[in-house]
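Heads up, the thing below is written out as structure tokens.
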């Protein structure tokens, strides 16, 4: 049994928006991801997907993407990304999964799941507001996301936590903010995130900083291969 993560699948099976328009790195990415996933991930494993799962705008448009995900090995846990417009309320998401028989797909928002004795916690996150350029709306969204992370961590019931975010909680030379304060408050040692693509990979923060290991799992950064976090 193992715990994996991969983000930013941007599946286009329900809408005509393939990612290969963004360059050769995305050529046949749906097929490549399938092959890599099935080679590594076993039915008893868990895979966390930190955001930007589907290009669908509405939940009903995402059905083919969910069928694809359901066909893959393992338990799948999704959290919201900035392009997951199909994301709706927790009750509707759970009802959608139940209606379609997706008994291996779960949604992470204001809650926690468990992998052995480790809690899986997370939220979408947001660009952290800096200086006078931050809008009131950005500050409001960021504060809400920090609160959602705290709610998720409270649901961990005191167990060790691996945190998952879509947006990176840090940037180069910017490590102190409300989200990282929350990670430290709950003694989180590993934070996994996505969102960054192409040239933005160069600015990614990875490795241990201030006692927390940061891991970028955007699928184009990881060659469309789930990354093992824990046995």
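The values are calculated or read from the model by the stated rules, or taken from the named source; none is laboratory data. Please read these numbers as outputs of a predicted model, since none were measured by experiment. Methodologically, a virtual Cβ is constructed for each residue, glycine included, from the backbone with ideal geometry; neighbour enumeration extends over all protein chains shown.
The figures follow:
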| item | result |
| --- | --- |
| Residue within segment 108-125 that is surrounded by 17 or more Cβ atoms within 10 Å (Cβ to Cβ), more than 30 Å from residue 71 (Cβ to Cβ), in contact (Cβ under 8 Å) with a residue 24 or more places away in the chain and in contact with a helix residue (DSSP H, G or I) (Cβ under 6 Å, 6 or more places away or on another chain) present | no |
| Residue within segment 90-101 that is without any contact (Cβ under 8 Å) to a residue 40 or more places away in the chain, out of contact with any helix residue (DSSP H, G or I) (no Cβ under 6 Å at 6 or more places or on another chain) and part of a loop (DSSP other than H, G, I, E, B) present | yes |
| Test result for residue 167, under 12 Å from residue 8 (Cβ atoms), crowded, with 21+ Cβ neighbours inside 10 Å and within 17 Å of the chain's Cα centre (by Cα) | yes |
| Hey, residue 101 surrounded by 13 or more Cβ atoms within 10 Å (Cβ to Cβ) and either modelled with pLDDT of 95 or more or touching a strand residue (DSSP E or B) at 6+ places or on another chain (Cβ under 9 Å) (or both) or not | no |
| Unique match (being touching a helix residue (DSSP H, G or I) at 6+ places or on another chain (Cβ under 8 Å), surrounded by 13 or more Cβ atoms within 10 Å (Cβ to Cβ), more than 21 Å from residue 45 (Cβ to Cβ) and at pLDDT below 95) among 128, 175 | 128 |
| Condition check for residue 60: more than 16 Å from the chain's Cα centre (by Cα) and without any contact (Cβ under 8 Å) to a residue 24 or more places away in the chain | yes |
| Index of the failed condition, residue 67 passing every other in (1) part of a strand (DSSP E or B); (2) out of contact with any strand residue (DSSP E or B) (no Cβ under 6 Å at 6 or more places or on another chain) | (1) |
| Number of the exception - residue 125 against (1) more than 14 Å from the chain's Cα centre (by Cα); (2) not in a strand (DSSP E or B) | (1) |
